[in-house]
Amino acid sequence: MTPAAQPASRANGAPLGCVDIGSNTTRLLVARVEAGQLRELMTQRAYTRLGKALRKNGEIAPEKIEEEADIVSTQVRHAREIGVERLTIVATAAIRKAANRDELVRAVEDATGTAPRVLTEDEEARLAFLGASRTLAAPLEGSLAVVDVGGGSTEIAIGTLEDGVHWSASFAIGSGFLADSYLHSDPPAVHELHAVREHAVGTFEGLRTPQVDRAVASGGSATALRRVAGAELSHDALERAIRVLATAPTTEVAERFELDVERVRLLPAGVLILEAITDSLGQALKIGNGGLREGCIIEMAAEEAGV
């Protein structure tokens, strides 16, 4: 039997599911947690650009709500088909900001039978930290900073494996927001990249955080950068990534690195946010193996175990 086909029972670690409704994408993760280790069984991703869909009055258009409910319903159905009994749906910055977020919540609940949980900034940071800290490749000693760059916001959470988060901050800046605001050429022009960099640097100027021993990046930009820049996002690696993204059309970069075209369009903005945070922290980021969705599943597994 393949892992995805194994029978679902609480005794052997039934698969758990998380659908994350983000500003750029809606993502499904199905995984088991066995002996404290998370084992991925299925992932799906749909580019929805809900953050861009926010109208001037701060509302998500009715047709976009209907589209999102259909996408989430499909992902939930796929999770159920492989034995997921317990599943959570979470929503982040784009939905948090929307004036009519309750309409989207109701539409998704009507389509799936599960009401999405609209995360606060603190909850988003805590869950991203949980997912990143519990999926590190090497044991964690000391304090860890988790930088989660999303489409509509960026969270920084600092803590330890034993005690969890003891400091966090959220910033209303994300790859989708900056790309839509400044990046209009393909490939992006020098003056456009400069404008993004200035905005990012200005956002994190004066940032003071507790001392950290390690720092990891999570989120869509970080995951894509693993292919373009490698696992360690030093200042030099990020600069090399920007040169790649600035010297070839989006479709060419997407084909070369086997990335989605829409992700490549947003990636320069994500890179420059990570660069600004790296400079503020004074420490290179490494790309983590987990984030918000993994954190949600680890939390559900702990609840079931009574931890």
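What follows draws every value from the coordinates through simple rules; no lab data is involved. Note that the coordinates shown come from a computational prediction; the quantities given were computed from them, not determined experimentally. Here Cβ is always computed from backbone atoms with ideal geometry, including for glycine, and neighbour counts include all displayed protein chains.
About the Cα centre of region 136-287, what is the dipole size in debye to 20, counting +1 per Lys and Arg Cβ and -1 per Asp and Glu Cβ, all else neutral?
Approximately 160 debye in magnitude.
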Per residue, the convex hull enclosing the Cα atoms of region 6-110 spans a volume in Å³ of 93 Å³
Report the FRET efficiency, 1/(1 + (r/R0)^6), for Arg80 and Arg240, where r is their Cβ-Cβ distance and R0 is 45 Å, rounded to 0.05. 0.60
Positive dipole terminus of region 3-119, leading residue within Ala94, Val72, Gln44 (C-beta point charges): Ala94
Loop GluC sites (Glu not before Pro), region 181-245, which have at most 16 other Cβ atoms in a 10 Å radius of their Cβ (DSSP): Glu205
Contact order normalised by length for region 3-119, with contacts defined as Cα pairs under 8 Å and 6 or more residues apart; what percent is it? 29 percent
Length gained, Ala99-Gln283, 0.36 nm per residue minus C-alpha separation, equals 62.5 nm
Pop a pseudo-label 7 angstrom from the Cα along the beta-carbon direction at both Val190 and Asp110 and give the gap in nm to one decimal. 5.3 nm
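Per DSSP H run of at least 4 residues, take -39500 (n - 2.57); add these up for the chain, divide by its residues and hand me the 222 nm value, nearest 500 deg cm²/dmol.
About -14000 deg cm²/dmol.
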Counting only DSSP beta bridges with both residues in region 3-119, tell me the antiparallel percent, nearest 5. 70 percent
How far apart, in nanometres, would the label points at Leu161 and Thr247 be if each is projected 7 angstrom from Cα along the Cα-to-Cβ direction? 4.0 nm
At the level of C-alpha centres, the distance separating region 106-153 and region 244-307, in angstrom, is 13 Å
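Of the DSSP beta bridges with both residues in the chain, give the percent that are antiparallel, rounding to the nearest 5. If you can, show how the numbers build up before the last one.
Values: 32 of 47 bridges.
DSSP beta bridges in the chain are roughly 70 percent antiparallel.
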Selection from Ile82, Leu281, Val118 lying farthest towards where the dipole of the chain points positive, charges on Cβ: Ile82
